[in-house]
Amino acid sequence: MDGKIYGTVELDVTDLEAYVARKRKEGLKITLTHIFTLAVARGLKEAVPELNCYIRRGRVVQRKQIDAMVSILVGDKEMSSVRIEHADTLSLQQLTGVLSEGIRDTRNGAEDRTMKMKRTLGRIPWPFRGWLFRMVKFVTIQLGVSLPAIGLSANNFGSFLVTNIGSIGIDSGYPALFPVSNVAFVFVMGGVRKRPWVVNDRVEVRRIMTLSSTLDHRIVDAIHGGKMFQYIKQVAREPGVLEQSR
């Protein structure tokens, strides 16, 4: 069984939510998902490049670019995702536009080939689905062979996955590392709740969000997750740094 690392931090997002509200009044329709997606992408570039890796033929391979995969809700029950290429180079406004367009296309039925193939595999009856899944995983992950005809490769799901489980009423959780995704980690946004919080040695009521992550221990150690969370905390204190492209 592949080893995994699980980590959680609590983050005061009171001021960050106020920043989001100001930007929305200015016409930039951002959410915390936009901010954290861009913060993680920048973190891979500037703080923890070791997380931007994947396994190919049993070896750790550095990715050539940083792509984000954002999980979205389609309708009331269906989950899909939108891939944002070169996410670390975008400004907050640019990323918001790219993600909005991707969400609109996906909800209109224009999913990318990766998600279409995932759904196709899901419709194959058991036990044939299991056999085919293991074969695809062996060819793409173990052998490192791309299958462009069906939209699969060892680097098909981007550098990381962001999922906002708080939007569906879950405060915290640790999603599984989907085997054929080959991502080093999944970043999880949990629910936001009012909590007593110490600010400048005084207890105040603040808005607290739970952030979690599942990491592939074959690629990284806990220290890499810690560096990423520290970087995200820094960005949360100064979100204006995300307004410029890189």
Exercise. How do I35, I5 rank when sorted from fewest to most other Cβ atoms within 10 Å of their own Cβ?
Worked result: I5, I35
Seminar exercise, completed: In this structure, among K25/K194; K64/K194; K4/K29; K45/K194, pairs with alpha-carbon gaps over 30 Å are K64/K194; K4/K29; K45/K194
Exercise. Working from the pairwise distances between different alpha carbons, so that the mean of 1/r is found and then inverted, what is segment 1-47's Kirkwood radius in Å?
Worked result: 12.9
Problem set entry | Sparsely packed trypsin sites (Lys or Arg not before Pro) within segment 1-70, loop by DSSP, other Cβ within 10 Å at most 10 | K64
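Where a number appears in this text, it was derived from the coordinates with a stated rule and is not lab data. Predicted model, so just to flag it, every value in this text is computed and none were measured. Cβ: placed from backbone, ideal geometry, glycine included. Neighbour counts: every protein chain shown.
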